[in-house]
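Before any comments, here is the structure.
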Amino acid sequence: MQLAKELYQLQELELDLESHLLQASKLQATLKDDSALRQAENSLAEAALHLKDQQASLRALEDQSADLDAKVNEVKKSLYSGRIGNPKELSNLSKEQELLEAKRAQIDDQALQGMDNLEELQARCDQMMENLESVRTLWQQSQSQNTQALNAILSEIEKLKSERQEFVSRFNPSDLELFQALRKSKGKAVSRVEQGNCRGCGLKLTPAWIQRARAGTLVQCSGCQRILYLD
């Protein structure tokens, strides 16, 4: 019974070690994952690009409006200079002025709409900046906490590895080979006996099998082949 008990303890130690290794792996993956931060940065970059494009578009409209304004002034200057007396020519200048002013009004309307769009884009850009700062703060806090947790787990892993190494040295090679083969094929090499049943597969054990296990003989379940352990 002592051998089965010690193998059971080795199994519990190894399962604990595996659990810690899995936790460490998950934490390492989490520490490498900066997708939320990258997404917030990309959202800000996209908003900033739209803002820049809108600013350029608005400047272009303002330039067009200024150019049209200059042309209107030139037409007015010619129209009211008194140098032109031909009625048809004066009529053409008057029509040109109307067309230029209408086009300028259209451009100015577009510019006003562009200014509204610019304000909305600036507000969105500010919002994305605030969101990025919030995400970065949370990410940095998470990095710090997860790094501390990982260091603690890695320290425990080294402790468990050392304990396992010391534990393994107690067994003879044949018993250890059987244990490791069962661990590889079954997941658990040792199964507790509870209420006369193998906990690993549920098989009802005969009194003779239970007696052999209780006597200290290394007994394997006839159902799942795991080593039987009785408290």
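Show the residue pairs meeting these rules: Cβ distance below 6 Å; 6+ apart or different chains; first residue within the range 206-229 and outside any loop (DSSP other than H, G, I, E, B); second residue hydroxyl-bearing (Ser, Thr, Tyr).
Tyr229/Tyr8
With respect to Lys95, is the statement that it is part of a helix (DSSP H, G or I) and in contact (Cβ under 8 Å) with a residue 24 or more places away in the chain true?
No, not satisfied.
Quick one: is Ala24 in a helix (DSSP H, G or I), in contact (Cβ under 8 Å) with a residue 12 or more places away in the chain and small (Gly, Ala, Ser)?
Judged against the criteria, Ala24 is a match.
Condition first: under 24 Å from Asn172 (Cβ atoms), free of Cβ contacts under 8 Å to residues at least 40 places away in the same chain, surrounded by 15 or more Cβ atoms within 10 Å (Cβ to Cβ) and not β-branched (Val, Ile, Thr). Now tell me which residues in the range 182-205 satisfy that.
Ser191, Gly200
Within the bounds of the range 124-142, is there any residue that is without any contact (Cβ under 8 Å) to a residue 12 or more places away in the chain, over 30 Å from Ala24 (Cβ atoms) and hydrophobic (A, V, I, L, M, F, W, C)?
Scanning the range 124-142 turns up no residue that is without any contact (Cβ under 8 Å) to a residue 12 or more places away in the chain, over 30 Å from Ala24 (Cβ atoms) and hydrophobic (A, V, I, L, M, F, W, C).
Among (1) assigned to a helix (DSSP H, G or I); (2) among the aliphatic types (A, V, I, L, M); (3) in contact with a helix residue (DSSP H, G or I) (Cβ under 7 Å, 6 or more places away or on another chain), which single condition is Leu138 missing?
Failed condition: (3).
Mind checking whether some residue in the range 55-70 is surrounded by 14 or more Cβ atoms within 10 Å (Cβ to Cβ) and either closer than 30 Å to Ala215 by Cα or in contact (Cβ under 8 Å) with a residue 60 or more places away in the chain (or both)?
Yes, some residue in the range 55-70 is surrounded by 14 or more Cβ atoms within 10 Å (Cβ to Cβ) and either closer than 30 Å to Ala215 by Cα or in contact (Cβ under 8 Å) with a residue 60 or more places away in the chain (or both).
Tally the residues that are surrounded by 12 or more Cβ atoms within 10 Å (Cβ to Cβ) and not aromatic (Phe, Trp, Tyr), restricting the search to the range 134-144.
Final tally of qualifying residues: 5.
Could you list all residues from the range 10-31 that are under 13 Å from Glu156 (Cα atoms), of a type in the set (D, E, K, R) and under 27 Å from the mean Cα position of the chain (by Cα)?
Glu18 - this is the single residue of the range 10-31 that is under 13 Å from Glu156 (Cα atoms), of a type in the set (D, E, K, R) and under 27 Å from the mean Cα position of the chain (by Cα).
I'd like to check something: does the range 68-84 contain any residue that is closer than 30 Å to Val135 by Cα, in contact with a helix residue (DSSP H, G or I) (Cβ under 7 Å, 6 or more places away or on another chain), in a helix (DSSP H, G or I) and among the hydrophobic types (A, V, I, L, M, F, W, C)?
Checked the range 68-84: no residue is closer than 30 Å to Val135 by Cα, in contact with a helix residue (DSSP H, G or I) (Cβ under 7 Å, 6 or more places away or on another chain), in a helix (DSSP H, G or I) and among the hydrophobic types (A, V, I, L, M, F, W, C).
Within the range 147-193, work out how many residues are assigned to a loop (DSSP other than H, G, I, E, B) and among the small types (Gly, Ala, Ser).
3
Every residue in the range 130-148 that is hydroxyl-bearing (Ser, Thr, Tyr) and under 15 Å from Ser35 (Cα atoms), please.
If the condition is that a residue be hydroxyl-bearing (Ser, Thr, Tyr) and under 15 Å from Ser35 (Cα atoms), then Ser134, Thr137, Ser142 are the ones that fit.
Laboratory data are not the source of any read-out in this text; all were calculated from the coordinates shown. Keep in mind the model is a prediction, meaning the values are calculated, not measured. Positions of Cβ are backbone-derived with ideal geometry, glycine not excepted, and every protein chain shown enters the neighbour counts.
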